[in-house]
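S.K.: Take this structure first; my questions come after.
Each value in this text was obtained by applying a stated rule to the coordinates, not by laboratory testing. These numbers come from a predicted model, not from an experiment. Note that we place each Cβ from the backbone using ideal geometry, even for glycine, and neighbour counts take in every protein chain shown.
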Amino acid sequence: MLFVVMATVAAHLSSASEMYGTLRSPNFPEAYPPDAERRWNLSVPHGYHIQLYFTHFDLEPSYLCEYDYVKVEVEGEVLGLFCGREESDTEQVPGEEVISSCNNLLSLSFHSDYSDQENHAGFLAHYTAVDVDECRERSDEEEVCDHFCHNFIGGYYCSCRYGYLLHSDNRTCRVQCSEAVYRQRSGGFSSVDHPSPYPKSSDCSYAIQVAEGLAVELLFHTPFDVEDHPELPCPYDYVKVTAGGREFGPFCGGRSPGRIVTQSHQVLVSFHTDNSGDNLGWSLTYTTTGSQCPVPVSPANGLLNPVQSEYSFRDHILVTCLSGYKLLKDGEYLDHYQMVCQKDGSWSSDVPQCHMVDCGNPETPAMAQVVFGSHDNSTQFGATMHYSCQGDTFQLQPNITSSYNCSEGGIWTNSELGTKLPTCLPVCGQPSRRPPRHQRRVVGGRAAAAGLVPWQVLLAVEDVSRVPADRWFGAGALLSDRWVLTAAHVLHSQRRDASVVPLATEHITVYLGLHDVRDKHRSTRRSVDQVLLHPDFQPLNYNNDIALLKLDQPVSFTGLIRPVCLPNPRSQDGGPTPLPNTLGLVAGWGISSISSPSSPSNDSTSLTSDPSLTSDPNMTSDVLQYVKLPVVEQGECEESYASRSLTYNITHNMFCAGFYEGGRDTCLGDSGGAFVMQDEEQQGWAVFGLVSWGGPEDCGSQRVYGVYTRVTNYITWILTHLNTSSPDSSIPEY
């Protein structure tokens, strides 16, 4: 920093750059000369002031120092006028007084007149620059800083509390307060820091923006304290309100503006403050009023909520109906409807009316029919209905006895199933014709009446993948509208090795409802979508001789086409089934299967020879035949074949049926055809066996029984494929 001393004596100037120094009268310490005039102008940087003191002072004394004197001043203001040697009533000497400037400037002048009779020595003075603590040395009118003052050597700076900004004057603290927007229908706000002094040098704005159609009313509270002027209208701080093209105010002083009706939905409150004052500010609340809507009338069997004596703009009403009724609005049934009071004083719509709930025509499951509980077939709230299945080929599952009711929600519900619907599943094992009850044996078989064995299907195979092409027939039992159960060897592609490969689906044709083979064109014909041989089928001994065949399209059940039942899976709890000496029914046209005789052999050539469609004319029939055969004890079954050859293996997956003395009727069944028995639990005919093989002697010989696949050992495997592969198939309940 530079300290500059400027001295003038007879136009002689001198300067010094030190922050301190010494001033002497001319010729000091000798007597100063007469008619001397000298001036020192001292200047230091801003942020400092000057201290001056005298260590020797000896001037000619005079009344009020009118002859010789030393004058100390700051910018024309005299701080002291000194002369003499000692203090008197008319003369003032500096003594040990330290003279301080109020700023960074100080002047010292020396004057002597024409004489100095006593040879006075003059003066010796010292000066120094001293830092000013601006934060402590405040002016009388206002503080140096608005909030915080920080002193440093040679100066100071100001800072503000959090949330405030320092004004461009570097002293005043202001706020950024022009982003507040109030959209609620009522509320309030105040000046910043109210009821403490509001910020200086700020321009705050508060916007109220409510929905069009509402009018805002302001209420300024007491106390109201905004800096004013006794003569001029609000020249310093003021509050203004702008709304709907009109301006209210400015307001200042200590009197609240009170209530202001703006008649507008958009209001701007502005608050301007200058850089002075410590007033406490203001606060207000606002409310809104809107257009009035007429009080609506509740509909018949309906309710309005809330119920009020009057409704104004933006009020809402919820319209509902009593139990069993629904609102009808624009052709649509609703559980509730909301209306809004609009800005023009009208409701958003008319009050909708309540109508009795109508469940509509109930959904009808396949093969079912609806029976209403009233003669007029009412579908309105409280109406009842129940389902029944068409004809005797389907039954309701689950077999519910309770009715469905039209509920208050407009949905048909049942106390047992809820909103779920029952299904009409095929009645399995129910022929449209009954066999003679007392018939025990029909030698050579007996012609079956049409519909006696409606599950019987004919499988025609033409394996054109071989040269020459193989052709043969087999039989099966219908389990559902898409699935047929048969023997695996019927659908097994003939190979010269032991590999197990199913026939290609395009080589198989299925005939259903066939009674006379001469009338194939009148039967129902289906192609095949999928062939599933049992994974453990053994072609060499026909163990696990069972397969499933999926039709490409469902079939419709008639008197000639109906499914057979599967045995109850629990039927094996009492031992292997079927039980010995019980009678089962086998049907067929007596057609030879893959080999004649149809028996497994360790000689692979006998199982892979070309199929023969020829058979003994006395053992075939154009019309479907049937016979009842007894189940042979398992020990007798095993022994009868073991006595002929050790190569024959009767496994636990097989059982025998037939008569000890033999007979052609034992050979009646076609390969893959069903051995059915009446199942008391299913209350119908169930398939317990599949025609598998027999031999080695001619069919009908003594002690030569037919061998059947024991179906009860495969119930889980069958149901797994039926339920997972055809979830949409009409499968009887097992």
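S.K.: Could you list ILE208, ILE99 so that the one with the fewest beta carbons within 10 Å of its beta carbon is first and the one with the most is last? Mind showing how you got there, number by number?
M.R.: Details: ILE208 25, ILE99 19.
Fewest-to-most Cβ neighbours within 10 Å comes out as ILE99, ILE208.
S.K.: Hey, with R₀ at 56 Å, roughly what FRET efficiency would VAL623 and ASN301 work out to, going by the Cβ-Cβ distance, to 0.05?
M.R.: After rounding, the FRET efficiency stands at 0.25.
S.K.: Follow-up question, since we're still on this one. I want to make sure I understand the PRE zone here: with the label point 7 angstrom from the Cα of VAL340 toward its beta carbon, which residues in the range 162-206 have backbone N atoms less than 18 Å away?
M.R.: Taking a point 7 Å out along Cα→Cβ of VAL340, the residues of the range 162-206 whose backbone N falls under 18 Å are 183-186.
S.K.: Between THR509 and PHE152, what is the label-to-label distance in nm when each label sits 7 Å out along the Cα-to-Cβ direction?
M.R.: 10.9 nm
S.K.: Note the full-extension length gain between THR419 and ASP497 as 0.36 nm times their separation in residues minus their Cα-Cα distance, in nm to one decimal.
M.R.: Working: separation 78, 0.36 × 78 = 28.08 nm, distance 5.65 nm.
Computed gain between THR419 and ASP497 is 22.4 nm.
S.K.: What is the extension gain from GLU73 to VAL98, computed as 0.36 nm multiplied by their sequence separation minus the C-alpha to C-alpha distance, in nm to one decimal? All intermediate terms of the calculation are to be shown ahead of the outcome.
M.R.: Values: separation 25, 0.36 × 25 = 9.00 nm, distance 1.35 nm.
Between GLU73 and VAL98, full extension yields an extra 7.6 nm.
S.K.: Right, here's the next one. By per-residue mean of other Cβ atoms within 10 Å, what is the highest-first order of 250-259, 701-710?
M.R.: On the way: 250-259: 16.7, 701-710: 23.1.
The densest-packed peptide leads the list: 701-710, 250-259.
S.K.: Could you tell me which of LEU459, GLN380, HIS316 has its Cα farthest along the dipole of the chain towards the positive end, charges placed at Cβ (Lys, Arg +1; Asp, Glu -1), taken about the Cα centre?
M.R.: Checked the options; the winner is LEU459.
S.K.: Let me ask you something else. Starting from the Cα of ARG433, step 7 Å along the direction of its Cβ; do the same at ILE411; then give the gap between the two resulting points in nm.
M.R.: The two pseudo-label positions are separated by 4.9 nm.
S.K.: Identify the trypsin sites (Lys or Arg not before Pro) of the range 511-545 meeting these criteria: DSSP loop state and at most 11 other C-beta atoms within 10 Å of the C-beta.
M.R.: On the way: sites: ARG518, LYS520, ARG522, ARG525, ARG526; in loops: none.
Answer in residue order: no site qualifies.
S.K.: Let me ask another. Residues in the range 96-124, backbone N under 13 Å from the label point at GLN51 (7 Å along the Cα-to-beta-carbon vector): list them, ranges by number please.
M.R.: Residues passing the 13 Å test: 97-101.
S.K.: Where a Cα-Cα gap under 16 Å defines reach, which aspartates and glutamates qualify for LYS343, not counting those fewer than 8 residues away within the same chain?
M.R.: GLU212, GLU310, ASP315
S.K.: Length gain on complete extension for the stretch ASN361 to GLN530, per 0.36 nm per residue less the alpha carbon to alpha carbon distance?
M.R.: Details: separation 169, 0.36 × 169 = 60.84 nm, distance 3.85 nm.
Answer, rounded to one decimal: 57.0 nm.
S.K.: Take the Cβ-Cβ distance between SER186 and ARG255 as r, set R0 to 30 Å, and report the resulting FRET efficiency rounded to the nearest 0.05.
M.R.: Working: r = 25 Å, r/R0 = 0.82.
E(calc), rounded to 0.05, equals 0.75.
S.K.: Can you sort VAL517, VAL484, VAL261, VAL132 by how many other beta carbons sit within 10 Å, fewest first? Working shown, then result.
M.R.: Working: VAL517 17, VAL484 27, VAL261 12, VAL132 23.
Lowest to highest Cβ neighbour count: VAL261, VAL517, VAL132, VAL484.
S.K.: For an R0 of 41 angstrom, estimate the FRET efficiency from the Cβ-Cβ distance between GLU636 and HIS521 and round to the nearest 0.05. Kindly include the intermediate steps, with their values, before the conclusion.
M.R.: Values: r = 44 Å, r/R0 = 1.08.
Calculated value: 0.40.
S.K.: Can you tell me the mean projection area, over all orientations, of the convex hull of the range 368-421's alpha carbons? Units nm², please. If you can, show how the numbers build up before the last one.
M.R.: Details: hull surface 15.4 nm².
The orientation-averaged projected area of the Cα hull of the range 368-421 comes to 3.8 nm².
S.K.: Hey, any idea what Rg/Rh is for the chain, computing Rh the Kirkwood way over Cα pairs?
M.R.: Here Rg/Rh amounts to 1.57.
S.K.: May I ask you to list the GluC sites (Glu not before Pro) in the range 78-134 that are in a DSSP loop and have at most 16 other Cβ atoms within 10 Å of their Cβ? Intermediate values should be presented prior to the final figure.
M.R.: Numbers: sites: GLU86, GLU87, GLU91, GLU96, GLU97, GLU118, GLU134; in loops: GLU86, GLU87, GLU91, GLU96, GLU97, GLU118, GLU134.
Answer in residue order: GLU86, GLU87, GLU96, GLU97, GLU118.
S.K.: Rounded to whole Å and sorted largest first, list the principal axis extents of the Cα atoms in the range 4-131.
M.R.: Taking max minus min along each principal axis of the Cα atoms, the range 4-131 gives 43, 32, 24 Å.
S.K.: Order 304-310, 282-288, 30-36, 216-222 from most to least packed using the mean count of other Cβ atoms within 10 Å.
M.R.: Numbers: 304-310: 10.6, 282-288: 19.6, 30-36: 15.0, 216-222: 17.4.
Averaged packing, sorted descending, gives the order 282-288, 216-222, 30-36, 304-310.
S.K.: Note down the nm distance, to one decimal, between modelled labels 7 Å out along Cα→Cβ at ASP131 and at ASP376.
M.R.: About 10.5 nm separates the two model spin labels.
S.K.: Just want the ordering: THR419, THR172, THR524, from fewest to most Cβ atoms lying within 10 Å of their own Cβ.
M.R.: Details: THR419 12, THR172 24, THR524 17.
Result, fewest neighbours first: THR419, THR524, THR172.
S.K.: Right, something else. Let me have the 222 nm mean residue ellipticity of the chain computed from DSSP H runs of 4+ only, each contributing -39500 (n - 2.57), with the sum over all residues rounded to the nearest 500.
M.R.: Calculated at 222 nm, the ellipticity per residue is -1000 deg cm²/dmol.
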